[in-house]
Amino acid sequence: MSIPPPPSRRRFLTNALGATLGASLGAVVLSSCQDTGTPSATRSSGPSSQPNNAAAVVEPPITTGDQALQRLLEGNARFVANRNEAIDEGVERRVAVSKGQQPFATVIGCVDSRVPIELIFDRGLGDLVVVRSAGEALDDSVTGSLEFGVAELHTPLLMVLGHQRCGALDATIKAMDSHRTGAHPGGIEYLVDTLTPAVQQVAGQPGDRLDNAVRANVTHVLGELRKSPVLAPLEKAGKVKLVGAYYELDTGKVIVL
Ligand SMILES: [Zn+2]
C-alpha cells in the first residue's frame, strides 16, 4: 500500500493563475501592492496532524464585514484550540497570490512579539492586510496604510486589535506617573504622547488600570480612524465595518469589544 504524498498546504488552486483582474488603482498606489484579484482557492479542513486526510473545502468569497469578522474569529478559535491548520505559505498559495491579491480584512495590532496577527487568526498569504505599531499608535503612515487596505484593496473589515498587558501602554502609564513625559529618546516620545489620551481617560476607573487603558485605546484609535476622510465615507456607505477587539495573551482568544 503506497502512502500518498502529503499535500503541501491546506489550500489549493482551483482556478488558473490567470485570474488577474487587472483592476486599476489610483495613481499613487504602488504597483507591487496592486489589487489585481486572486485566484479562487480551496482550503482543506482538519487538524494539521492529519494533513493527508484533509479534505479540500472551498472557502466562499467574503463580501461583507460581518463575514470577514466571522472568518477571523473562526481562525482564532482554531488557534485557541491548538487546531491550527498549516498556514497558507506554501508554494501553491504563494504562486496563486503572486499575480494578485484579495485580502478580506485589514488589521492594526501592536508590535508585541506575542501577537503575530496572521498566526492568531490562523490565516496565510494573501488573506490579511496587517499594520503594526506599538500600542496601535497612529501616525500618517499607519493611517495611510490602513486606508490603503480598505480603500484600495477593498477589505470589508478594519479591525483595531489591542492586547492584554500591552507594554507600550504600560510604559505610557509609567511615564505619566513618574512625570517623565518628554524625556524619551527618538520616536518613543511620540508613542507616549499618542497613547496618553487613553491612559488619561481611564484615570480613577475601577479595575486593572493597564487593561482599562488597553481597551480605551482601542476605542480611541477607532475614533481617530473614523475621522479619516477616506474611511469615514466608506463606513457610512456600508463598504467597511470597523471593529475593536482585544487579544488575551493568557488564552490566545480574540474578544470583540
Ligand atoms: Zn502592545
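The values are calculated or read from the model by the stated rules, or taken from the named source; none is laboratory data. These numbers come from a predicted model, not from an experiment. No Cβ is skipped: glycine too gets one built from the backbone with ideal geometry, and neighbour counts run over all protein chains shown. The protein model used for the area step is the full one, side chains on, heavy atoms only, and it has no ligands, DNA or RNA in it. Shrake-Rupley method; radii C 1.70, N 1.55, O 1.52, S 1.80 Å.
Observations on the model:
- Given (1) in contact with a strand residue (DSSP E or B) (Cβ under 9 Å, 6 or more places away or on another chain); (2) within 16 Å of the ligand (Cβ to nearest atom); (3) open to solvent by 10 Å² or more (accessible area, probe 1.4 Å), index of the condition VAL97 fails: (2)
- Answer from ASP193, ASP208 - the residue that is of a type in the set (Asp, Glu), under 27 Å from GLU147 (Cα atoms), free of Cβ contacts under 8 Å to residues at least 24 places away in the same chain and open to solvent by 80 Å² or more (accessible area, probe 1.4 Å): ASP193
- The set of residues in segment 148-164 being within 16 Å of the ligand (Cβ to nearest atom) and under 12 Å from the mean Cα position of the chain (by Cα) consists of MET159, VAL160, LEU161, GLY162.
- Within segment 102-122, considering residues that are hydrophobic (A, V, I, L, M, F, W, C), away from the ligand (no atom under 14 Å from the Cβ) and in a loop (DSSP other than H, G, I, E, B), the one farthest from ALA245 (Cα to Cα): PHE104
- Filtered residues of segment 165-187 (kept if within 16 Å of the ligand (Cβ to nearest atom), on the phi < 0 side of the Ramachandran plot and open to solvent by 80 Å² or more (accessible area, probe 1.4 Å)): LYS174
- Selection count, segment 123-147, where residues are within 20 Å of THR194 (Cβ to Cβ), away from the ligand (no atom under 16 Å from the Cβ) and buried (at least 21 other Cβ atoms within 10 Å of the Cβ): 1
- Among (1) in contact with a strand residue (DSSP E or B) (Cβ under 8 Å, 6 or more places away or on another chain); (2) under 19 Å from GLU147 (Cα atoms); (3) within 16 Å of the ligand (Cβ to nearest atom), the one test that HIS220 misses: (1)
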